[in-house]
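Worksheet: the structure to be examined is printed underneath.
The values are calculated or read from the model by the stated rules, or taken from the named source; none is laboratory data. Quick caveat: nothing in here was measured; it's all calculated off a predicted structure. Note that we place each Cβ from the backbone using ideal geometry, even for glycine, and neighbour counts take in every protein chain shown. These area figures cover heavy atoms from the full protein model, side chains too; ligands, DNA and RNA do not enter into them. Shrake-Rupley method; radii C 1.70, N 1.55, O 1.52, S 1.80 Å.
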Amino acid sequence: LGYPQATEIAATFVALTELAPEHALAFAGQAFAGQNAKGFTAAEMQAMAEGLGVDAKIAKQATDGTYQRQVEAASAMTLANESLRDEKGGFGTPAVFINGKRSEVNWTDPAGVPTAMDQAAKELTKK
């Protein structure tokens, strides 16, 4: 959040959740694992998506910046919300919050987030 390369990766991820949802988590995992200070070009992200099995036309569309402003706005709102910061006052990505609480769920595990959400829902119904 707040860094151009993270925003570009996030915008491509958001696009893939709509255009090729079966490849979105794999893209996010690979992109964040390989991220460095210079980030990725659109062509590099497109090639990464294609390497994961995304159709070339969809990969190009996913990296065209369509979701850039949406991700920038969501990032600004998130960074301004002090209640979302960790115990040291920082905020790293990815960060997952369920029912307003920071979760340590493994977001790269396709079953991780749904399982954590189901567990949180059960805890809410106990109250």
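In the set (1) part of a helix (DSSP H, G or I); (2) open to solvent by less than 50 Å² (accessible area, probe 1.4 Å), Thr115 fails one condition alone, (2). The listed residues are Gln68, Gln46, and the only one of them that is in contact with a helix residue (DSSP H, G or I) (Cβ under 7 Å, 6 or more places away or on another chain), over 12 Å from Ala10 (Cα atoms), modelled with pLDDT of 90 or more and not hydrophobic (A, V, I, L, M, F, W, C) turns out to be Gln46. Got at least one residue in the range 7-23 being open to solvent by 60 Å² or more (accessible area, probe 1.4 Å), of a type outside the set (Ser, Thr, Tyr), part of a helix (DSSP H, G or I) and over 25 Å from Ala111 (Cβ atoms)? Yes, that holds for at least one residue.
Scanning the range 49-65 for residues that are assigned to a loop (DSSP other than H, G, I, E, B) and open to solvent by 60 Å² or more (accessible area, probe 1.4 Å), we see that the one that is modelled with the lowest pLDDT is Asp64.
Among the conditions (1) open to solvent by 80 Å² or more (accessible area, probe 1.4 Å); (2) within 15 Å of Thr7 (Cα to Cα); (3) free of Cβ contacts under 8 Å to residues at least 60 places away in the same chain, the only one that Glu82 does not satisfy is (2).
Exactly one residue out of Ala28, Ala24, Ala33 is touching a residue at least 60 places away in the same chain (Cβ under 8 Å) and either touching a Ser or Thr at 6+ places or on another chain (Cβ under 7 Å) or among the small types (Gly, Ala, Ser) (or both), and it is Ala28. Under the condition of being open to solvent by 70 Å² or more (accessible area, probe 1.4 Å) and more than 17 Å from the chain's Cα centre (by Cα), the residues counted in the range 100-112 number 1.
Could you say which residue among Phe40, Phe97, Phe91, Phe32 is part of a strand (DSSP E or B) and either open to solvent by 50 Å² or more (accessible area, probe 1.4 Å) or under 16 Å from Thr7 (Cα atoms) (or both)? Only one candidate passes the filter, namely Phe97. Here the condition is being modelled with pLDDT under 85, β-branched (Val, Ile, Thr) and in a loop (DSSP other than H, G, I, E, B); of Thr78, Thr108, it holds for Thr108 alone.
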